[in-house]
Amino acid sequence: MYEFYAGVPSFSLNNEYYRRNQYSIDQSEKQVQHQKVLYVSQSAKDADLAFPKVDGAEYYGRFINDFESFRKLRVFIENPPDAQTKRDKLLKVYNPYNEPIDLKKLRFNVAFMTDNTKKKERWRIQPKPIDSTISRLPANDTLTLTFRLPKPTMKNPRYIRIGISENGLCYGINGKKIKLE
């Protein structure tokens, strides 16, 4: 809506607090890559400015000179994990972009959810490539990594979802909801 009324490009990060929307499938991300942008969120972390919403809540903005996001990365777990085992799990990350992505730019988390898929806990995970010499996600390809599923403190989690944060941005919606065994 903002782009329509303002006449300037806009892009939604579709982060873990919201749902996917048209920005997940259109080319908006490409328009803002490596551009100077105003990153607006409800977090005051490193804010350059603040402005109120009609309901009194505050939004904060931070200028990013070379914006880079990878919201189209997709995460897959083939075998439903068991929250109780301490074995490593396999995680596949598909990179649909035409360039490789340095793994150092990415952070991963797992959200534990209830029966009604409400997120209750989020834990950072540190997947590692099976081949330890790999340091980048190959372009238009899939990389297999291993990770340990942290033990949740909540009782009886039913689902998990993996998210990716790129360059310190909010975690995205990169994986599907997966039922725990």
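The values are calculated or read from the model by the stated rules, or taken from the named source; none is laboratory data. All values derive from a computational prediction rather than experimental measurement. Here the Cβ positions follow ideal geometry from the backbone for every residue, glycine too, while neighbour counts run over all protein chains shown.
General observations
- Among residues of segment 70-91, those that are surrounded by 15 or more Cβ atoms within 10 Å (Cβ to Cβ) and over 16 Å from R148 (Cβ atoms), counted: 6
- Yes/no for R158 being in contact with an Asp or Glu (Cβ under 6 Å, 6 or more places away or on another chain), among the charged types (D, E, K, R) and at pLDDT below 95: yes
- Only residues that are among the basic types (K, R) and either under 29 Å from F63 (Cα atoms) or without any contact (Cβ under 8 Å) to a residue 40 or more places away in the chain (or both) were counted across segment 126-175, and they come to 3.
- Criterion violated by T142 - all others in (1) in a strand (DSSP E or B); (2) over 14 Å from the mean Cα position of the chain (by Cα); (3) under 20 Å from D115 (Cβ atoms) satisfied: (3)
- Scanning segment 122-133 turns up at least one residue that is surrounded by 14 or more Cβ atoms within 10 Å (Cβ to Cβ), assigned to a loop (DSSP other than H, G, I, E, B) and not assigned by TED's automatic domain parsing to the domain that holds K30.
- All positions within segment 110-152 that are of a type in the set (F, W, Y) and closer than 18 Å to C170 by Cα: F112, W123
- Qualifying residue in segment 169-180 (condition: closer than 25 Å to F11 by Cα, within 12 Å of the chain's Cα centre (by Cα) and loosely packed, with under 15 Cβ neighbours inside 10 Å): yes
- Taking the listed residues M113, M154, the one that is loosely packed, with under 15 Cβ neighbours inside 10 Å and hydrophobic (A, V, I, L, M, F, W, C) is M154, with no other qualifying.
- Taking the listed residues F67, F108, the one that is free of Cβ contacts under 8 Å to residues at least 60 places away in the same chain, crowded, with 16+ Cβ neighbours inside 10 Å and in a loop (DSSP other than H, G, I, E, B) is F67, with no other qualifying.
- Residues of segment 75-111 that turn out to be within 17 Å of S165 (Cβ to Cβ) and not hydroxyl-bearing (S, T, Y), as a count: 15
- Contact map, segment 26-53: first residue more than 22 Å from P9 (Cβ to Cβ) and at pLDDT below 85, second residue of a type in the set (A, V, I, L, M) and part of a loop (DSSP other than H, G, I, E, B), Cβ cut-off under 7 Å, separation 6 or more or different chains; the map is empty.
- Some residue of segment 115-126 being more than 30 Å from N98 (Cβ to Cβ) and among the aliphatic types (A, V, I, L, M): no
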